[in-house]
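The values are calculated or read from the model by the stated rules, or taken from the named source; none is laboratory data. Because the structure is predicted, anything quoted here is derived from the model rather than measured. Neighbour counts run over all protein chains shown; Cβ positions are idealised from the backbone, glycine included.
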Amino acid sequence: MTDLTAPIYTDPEAARQHLEAIRWPNGTACPHCGEAENVKPLHGASHRNGLYKCYSCKGHFSVTVGTVFEKSKVPLNKWVLAAHLFASSKKGISAHQLHRTLGVTYKTAWFMMHRLREAARDDNPDSMGGGGTVVEVDETFIGHDTSIKPRGQKKGRGYHHKQKVLALVERGGRVRSTHVPAVNAATLRPILREQIKADSHIMTDEAGQYCLTKTPLSAEFLSHEYVQHGIGEYVRGDIHTNTIEGYFSIFKRGMKGIYQHCRPHHLKRYLCEFDFRYNFRVALGYSDDERAELLLKGIDGKRLTYA
């Protein structure tokens, strides 16, 4: 069990050293030019701890330069604690809870959460499946049903159509979810071809975008099997979509129970958050501390401004 009174969560200097060890495991490197040899710490009376100078490009930097933490006024120990809470909360942690826990404003906590979601984003995702792996494919919907407008609800105040999410899950492996504009063959089939290796077995339900198309999925992948939810069939031997339904249950419980409201243009970052925790879950051998460390590794080379 993680000790939340450890120095990295309470002392900014210990947190800085922790972050440096994660970001620069092979020694300090200049984020401006990449120099790793001709870099020295500055120890002058007017210099803060953790300030370095690169004598190749003459640039000054700290461990947060070139990361999503850059120019943040939040102490690094609070960032490290926020990363741990983010990584260890299975269904997420609300910005309101974070602002009370860290002692920062709600606006600051909200922005911190989005920066951490950016850190959770996978910049170079590999194709899913391959080698005879089973990949389950399904979609879900998140948000309000606007076919019936809530009493007293005015347009422009969170009054949005349900948002559509496509997810691909390897059995016993990773998930990848995407905010899609429509749930039809024209939208989904190109995503499947691009993101799933051809030597994969595909499992879906009986939806038309998978089963009622001119080119069957079985012609593009090793096989395509499906269950018919419409007649109450959910498992037939090893043919099912229960793995992906399990992922959706965690995602929906988090979105409805923890976050409650999500603007469509932010949904992609929430998907990154839930995908990240699922892809580095306990069942795959990752502890909360290891997951938090991977999240902190992800801050490098990313920026997200409040605007």
Q: Could you grab me the full set of residues in the range 3-30 that are touching a residue at least 60 places away in the same chain (Cβ under 8 Å) and either closer than 24 Å to Ser56 by Cβ or touching an Asp or Glu at 6+ places or on another chain (Cβ under 6 Å) (or both)?
A: Arg16, Leu19, Ile22, Arg23
**Q.** Yes/no for Thr178 being modelled with pLDDT of 95 or more, surrounded by 12 or more Cβ atoms within 10 Å (Cβ to Cβ), under 30 Å from Trp110 (Cα atoms) and in the same structural domain as Gly143 (by TED's automatic domain parsing)
**A.** yes
Q) Looking at (1) at pLDDT 95 or above; (2) within 17 Å of the chain's Cα centre (by Cα); (3) among the charged types (D, E, K, R), can you tell me which one Asp138 breaks? A) (2)
Q: Scan the range 1-32 residue by residue and report those that are over 14 Å from Lys297 (Cβ atoms), in a helix (DSSP H, G or I) and among the hydrophobic types (A, V, I, L, M, F, W, C).
A: Ile8, Ala14, Ala15
Q. Is one or more of the residues making up the range 223-232 in contact with a helix residue (DSSP H, G or I) (Cβ under 7 Å, 6 or more places away or on another chain) and in a helix (DSSP H, G or I)?
A. no
Q) Of the residues Arg189, Arg193, which is within 28 Å of the chain's Cα centre (by Cα), under 16 Å from Thr133 (Cα atoms) and in a helix (DSSP H, G or I)? A) Arg193
**Q.** Residues of the range 68-78 satisfying the condition of being surrounded by 21 or more Cβ atoms within 10 Å (Cβ to Cβ) and closer than 11 Å to Thr108 by Cβ
**A.** Lys78
Q. Is it fair to say Gly131 is at pLDDT 90 or above and on the phi > 0 side of the Ramachandran plot?
A. yes
(Q) Consider the range 283-307. How many of its residues are touching a residue at least 24 places away in the same chain (Cβ under 8 Å) and on the phi > 0 side of the Ramachandran plot? (A) 1
Q: Mind telling me which of the residues Glu70, Glu35 ends up being more than 22 Å from Asp11 (Cβ to Cβ) and either outside any helix (DSSP H, G or I) or touching a helix residue (DSSP H, G or I) at 6+ places or on another chain (Cβ under 8 Å) (or both)?
A: Glu35
**Q.** Per-region count, the range 101-126, residues at pLDDT 95 or above and either within 25 Å of Glu194 (Cβ to Cβ) or among the aliphatic types (A, V, I, L, M) (or both)
**A.** 11
Q.
surrounded by fewer than 17 Cβ atoms within 10 Å (Cβ to Cβ), in a loop (DSSP other than H, G, I, E, B) and in contact (Cβ under 8 Å) with a residue 40 or more places away in the chain: is that true of Lys90 in this structure?
A. yes
